[in-house]
Structures are given as C-alpha cells and as structure tokens.
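Step one of this worksheet: look at the structure below.
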C-alpha cells in the first residue's frame, strides 16, 4: 500500500482521524518547508511520531523534565545517548526519516534506555506520549505540503500505543492556546530578550524572576520553560504583558527551528486565554506496565496520574576519580578574557582551549552577548593550570592541537577530582564514529562539529549548564 496526496485537499487533523478509524497498520509521512513528519500507526493507534527538526533536542528537553523524578536520567546518560545515537548531519537525518526499514535514531535511544535499565517501560511510554504530543502540535499547523503513507515496517515502534482522538483533542486545545497570543507570539521557538532601558524605566519589570532574566538572552521560549521547569503556556502568560508593552523583545527562531509551522492560523482563539490562569497539566502516565519492549501498551488518556507516582530505579554510585598532581614545570597559559567577561552580571564561566585564534574569536563572538564569562586559551600545553585557576563551569576543547591532542588533555582534566563533573565539549572537524567512541572513553560530555552555528553552540551550553 503506497498512497500520497497534498494538504491543500485534506487537513492534517482530518487525515490522522481517518487513519485512526482503520484497523490497518500504516506509516504516515508528510513533507512541508523542508521538514518531514513521520507517524507510526498500529491498528488505528499512534505507536510513535517524530519530525526532522532537531529530534535529539526534543528528546533532551523531555528527558530533562523527567529527570526531576527519575535520577537515572542524569546529564551523563543524556550525553551518552547523543554520542551513541545522534546523526551527524541534517542530510543523514532526512535519510533516516525517508528510510522506513530503520527506527528513528531518538526512538532507538529510548529503547536503549529501557534495555539498559535506565528507564522503566512504563516511564518510556510516558516519555513517548509527551514527545508525540509535541510533534502532533506542529503537525496540526501544516497548511501546505505533501503526504504519503505505506505499510508499517516490521521493526516499527512497539513500546506503547496512543489513542489518536485523545491526542488530537489535547494537541488542538494546546495549539489554540498558543494562537491566543497572536500576533505578538508566532512560535514557541521565538527568543525573548530583556529590553534593559525599558526595564529600568518601569519598576513593574522588576517582578520578573531573576533566574529567568539571566537566561533571557538567546534561548527560545520552549527551552526557557525547561530551564525554569515551568509549563510553556504558563511561562508565556507570565511574560506576555512585558512582550506587549515592549519590555521584552522577541527575536525570530534560530535555524532550523524557523522551518517549523507558525502558530498563526484561522483557528486563533479569543485573547481571553491570555489572562485566564493556566490549569495544571500533569504528565500523562499509565496504569499498566510491561517490561517487554516487544509488546505495546495501550494508553488510556482518560486515566491520569502525576508522574511522581511512578517508581524509578535508584542511580548507581559512581567511582571516585583520583586527583592528579600537576607538575610545577607547567606555567600558566597565556589567556585572553573577552568582552563577555567584562560584564558585571555573569553567571557561568566557560573556558575555550584551541590553538586557532579564529575559532577562539568565533566562540567568543557567539557567547559575548549571553550570560557567560568566556576565557580563551591558545596554548594547550599550558591549559591545565589555567583551568585549575579559573575553575570553569564548562570547557570547550579542540580535538586536534599541536603538542597535545584533545583526548589526552581531556583525560588529564578528568583525572583531577575537581573537574570530574565539569562538562567538557570537544570542538572538532572529525565526524567519525570512532572519534565519538574515543571521546566517550576519555570522559567527554559532548561533541561540537566544525563548522558550527551559534544555535548549535548554545544548544550544547543549554544542555550542560541549564
């Protein structure tokens, strides 16, 4: 079975509703504005849904929310997921989305979490449900595009099954609440910046949470909600007054999030949603559990419970790393503190080690308007003492440097107990799987591939420091 059509003739919601009434198992794919959506339906119920825009960013955000109650989902595990399963380029990701013989990389990552005991199958089903809801929200906003559906592959997702009509009902209500903020807000990926002059002149802006204002310099509304551990709609309601009155300026979404559909649409709801209090929305959970990932679980969305009631597995203790004695012969590295350091109100200190002045300058430029103090070091042989001196919150480390490579330098830093939990991000042009495995073995926390964009750098910083 291979059929296709366009969204100009059939709306996304209607299409999904019709498929839910069928007992067939199909894979539905859609393409619009260089974005692809994939929805797996098993006997009329959703087994999984994803789209091609930063799927691991989406997974990371939802894992961070779950980690509040599931200690095993710590940053080290989340980093390991990305090193193991995240594809290197958008073209490879599109290839995964167009190849129905393989699971999506982030679904493979979820399956691995269950197999390794980091996540119970019931918790995995809750996670999938939340991921599906976010994907379907964007699906409902497609206005023009093409779709096709075909037989479900044998290795299709099987952890759980979701009721289509219930999912559509909740996502449609959520979309309408986003549309209530039109025309001032058109995407959850818009980036709020505090307009300092306005804030100083108007004492009302002092009511904003200090932690929120610290992060309001480049992160999207959706990412801010995760940082603040708030519901997205609640966060936007708290900021809406300041946005309307000019105290907060909204920048457009960074690529590639700007490719996703805008929330503007003919279904825009009344502005009354803006002033009404948000009803608390618990993460939906299951009443049945099944540790066999080959068996799917039907999720009755009518029966809800807060995620706090879910059992979790306690985190194993980590081996203590021995502190390394640094030879006295190592001198302080020549270092340059950028303009980002001069700002008085800085929260996090980042050290960037690279023998390329061009890369150091680019990293400083990307971060100089953010809430970071940036120290650049261009001599890797003398970097260790400067790292000890500055005690950074995050280290950016070039992989290929003269005198000592990034692997060895990372191993030296990790052997000092002071930095056993400090995020260390490799910045490199190497894209091979072997390099990622070696990075994981020496204790790297992440991987930033050259050339990189400001959005990609901030995404990693958000992942490790927020």
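Worth pointing out:
- Single residue of segment 1-21 satisfying the filter (at pLDDT 85 or above and exposed (fewer than 13 other Cβ atoms within 10 Å of the Cβ)) that is nearest to the chain's Cα centre (by Cα): 14
- Residues located in segment 149-169, provided they are over 28 Å from residue 179 (Cβ atoms), over 24 Å from the mean Cα position of the chain (by Cα) and touching a residue at least 12 places away in the same chain (Cβ under 8 Å): 150, 151, 152, 153, 155
- Residue match in segment 27-36 (condition: closer than 19 Å to residue 121 by Cβ and either surrounded by fewer than 20 Cβ atoms within 10 Å (Cβ to Cβ) or at pLDDT 85 or above (or both)): no
- Meets criteria (at pLDDT 85 or above and under 23 Å from the mean Cα position of the chain (by Cα)) for residue 426: yes
- Contact annotation: residue pairs with Cβ atoms under 8 Å, 6 or more positions apart or on different chains, pairing a residue in segment 374-399 that is on the phi > 0 side of the Ramachandran plot with a partner that is not in a strand (DSSP E or B), are 391/418.
- Filter result for residue 460 (surrounded by 21 or more Cβ atoms within 10 Å (Cβ to Cβ), without any contact (Cβ under 8 Å) to a residue 40 or more places away in the chain and under 20 Å from the mean Cα position of the chain (by Cα)): yes
- Residue ranges of helices (runs of 4 or more DSSP H) in segment 194-289 with at least 1 members modelled with pLDDT of 90 or more and either within 18 Å of the chain's Cα centre (by Cα) or under 28 Å from residue 145 (Cβ atoms) (or both): 221-227, 232-244
- Test for residue 392: is it in contact with a helix residue (DSSP H, G or I) (Cβ under 9 Å, 6 or more places away or on another chain), farther than 20 Å from residue 76 by Cα and either surrounded by 20 or more Cβ atoms within 10 Å (Cβ to Cβ) or not assigned by TED's automatic domain parsing to the domain that holds residue 447 (or both): no
The values are calculated or read from the model by the stated rules, or taken from the named source; none is laboratory data. Since this is a predicted model, take the numbers as computed values, not measurements. Neighbour counts run over all protein chains shown; Cβ positions are idealised from the backbone, glycine included.
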